[in-house]
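Just so it is clear, none of the values below were taken in a lab; they were calculated from the coordinates. Keep in mind that this is a model prediction, so the values were computed, not measured. All Cβ positions, glycine included, derive from the backbone under ideal geometry; neighbour counts span all protein chains shown.
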Amino acid sequence: MIKLIATDMDGTLLNSKGVLPEDFFEVFTALQSKNILFAAASGRQYFTLLENFKPVCDEMLFIAENGTYIVYKGEPLAVHALDKEVAHKLIQYGRRLGVEIVLATSEGAYLESSKKQFVSEVAKYYVQYEIVEDLLKVDAEILKVTICDFRGAETYSYPAYKVFEDEVQVCLAGDIWLDMMTKGINKGRAIRDIQEKLDIGYEETMVFGDYLNDLEMLQNAYHSYAMENAHPTLKKVARFKAKSNDENGVIEKIKEII
């Protein structure tokens, strides 16, 4: 029996326009009637996810900021903060590389750059953000450092930041996004946190993803699904396949199985 369903957002549950499936809330109600927990697992911030699921946000799980911040029914279930000195090293390195930087904290996101293209991209995933003069002076609990690289994160920023892999979790989160969290923290660790705290088994867990920041999540659930539009590496890891995000793949598969 399935007790937990967790799904990535962009490229997975949301269509290419960033919209939830029309029948999502109907399916959510059906899952509740069967006592199946539903979790949104995303690189997005918690405040953005609250807006995405406003009608049911008090009844679901949120795995925000790529697993660093887990909230259940409005209460933190697990928080994995990033050491401030390490975060500062990542920021200074990013400045030298000439990339855009987002400092994600439990209070919101902070940016140094006010470039229109960058702010426009940030606004898609962070409803709560502030532009400041110096990220190194932000006094808040740091969750992750995110790089926005319009040249392509996988080709440019990811190889450059590999020098920090012994200190932090370096994770490709999208075509232009690179996330860095505390070592060992990712969506997979978040799934284990939930399984342990809520007494849910590996074989009772179903997950959906499309990109490399979903890899560990898929490894921690028996019912692991890669979207048709998923990164080739993720398709090799997943046990099962689902239709693309523009074909309502997540909801259709949930209906079929549940």
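Summary of computed values
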item: The chain - mean residue ellipticity at 222 nm from DSSP helices (-39,500 (n - 2.57) per run, n ≥ 4, rounded to 500); result: -8000 deg cm²/dmol
item: Residues whose placed amide H lies under 5 Å from that of A6, excluding near-sequence neighbours; result: A39, M206, V207, F208
item: Sequence-separation-based contact order of the chain, relative, with Cα cut under 8 Å and 6+ spacing, percent; result: 20
item: Positive dipole terminus of segment 145-241, leading residue within H231, V163, Y211 (C-beta point charges); result: H231
item: Packing-based exposure ordering (other Cβ within 10 Å, fewest first) of M181, M217; result: M181, M217
item: Cα gyration tensor shape for segment 73-152, rounded if a/c is under 1.5, else prolate or oblate; result: oblate
item: Separation in nanometres of the label points that stand 7 Å from Cα toward Cβ, at E252 and K17; result: 1.8
item: Gaussian network model of the chain, Cα within-10 Å springs - most flexible of S114, S244, S106; result: S114
item: Charged-residue dipole, Cβ positions (Lys, Arg, Asp, Glu), the chain about Cα centre, Debye nearest 20; result: 440
item: Loop-resident sites, segment 1-86, for GluC sites (Glu not before Pro), counting at most 14 other Cβ within 10 Å (DSSP); result: E22
item: Relative contact order for segment 84-182, counting Cα pairs under 8 Å that sit 6 or more residues apart, in percent; result: 27
item: Table column - 3J(HN,Hα) (Hz), segment 44-52, Karplus curve with 6.51, -1.76, 1.60, x for Gly and Pro; result: 5, 7, 4, 5, 5, 5, 4, 5, 4
item: Sequence-separation-based contact order of segment 1-148, relative, with Cα cut under 8 Å and 6+ spacing, percent; result: 20
item: Excluding exposed DSSP-loop chymotrypsin sites (Phe, Trp or Tyr not before Pro) (at most 15 other C-beta within 10 Å), longest clean stretch of the chain; result: 1-149
item: Rounded to whole Hz, the Karplus (6.51, -1.76, 1.60) HN-Hα couplings of segment 57-65, x for glycine and proline; result: 4, 7, 10, 10, 9, 10, 9, 9, 6
item: Neighbour cut-off at most 15 other Cβ (10 Å), DSSP loop, trypsin sites (Lys or Arg not before Pro), segment 65-126; result: K73, K115
item: Cut-off under 5 Å, modelled amide H: who pairs with Q169 long-range; result: M181, T182, K183, G184, I185
item: Segment 44-86 residues near the modelled L97 label - backbone nitrogen below 17 Å, point 7 Å along Cα→Cβ; result: 86
item: Residues whose placed amide H lies under 5 Å from that of K144, excluding near-sequence neighbours; result: A104
item: Global geometry of segment 214-258, whether rounded, prolate or oblate, following the gyration tensor of its Cα atoms and the 1.5 cut on a/c; result: oblate
item: J(HN,Hα) series, segment 15-21, from Karplus relation 6.51 cos²θ - 1.76 cosθ + 1.60, nearest Hz, glycine and proline x; result: 6, 5, 9, x, 10, 5, x
item: Computed FRET value (nearest 0.05) for H88 with E196, which takes r as the C-beta separation and R₀ as 25 Å; result: 0.20
item: Angle in degrees between helix 24-33 and the longest Cα principal axis of the chain, rounded to the nearest 10; result: 60
item: Set of lysines near K17 by C-alpha distance (under 16 Å), chain-local residues within fewer than 8 positions excluded; result: K124
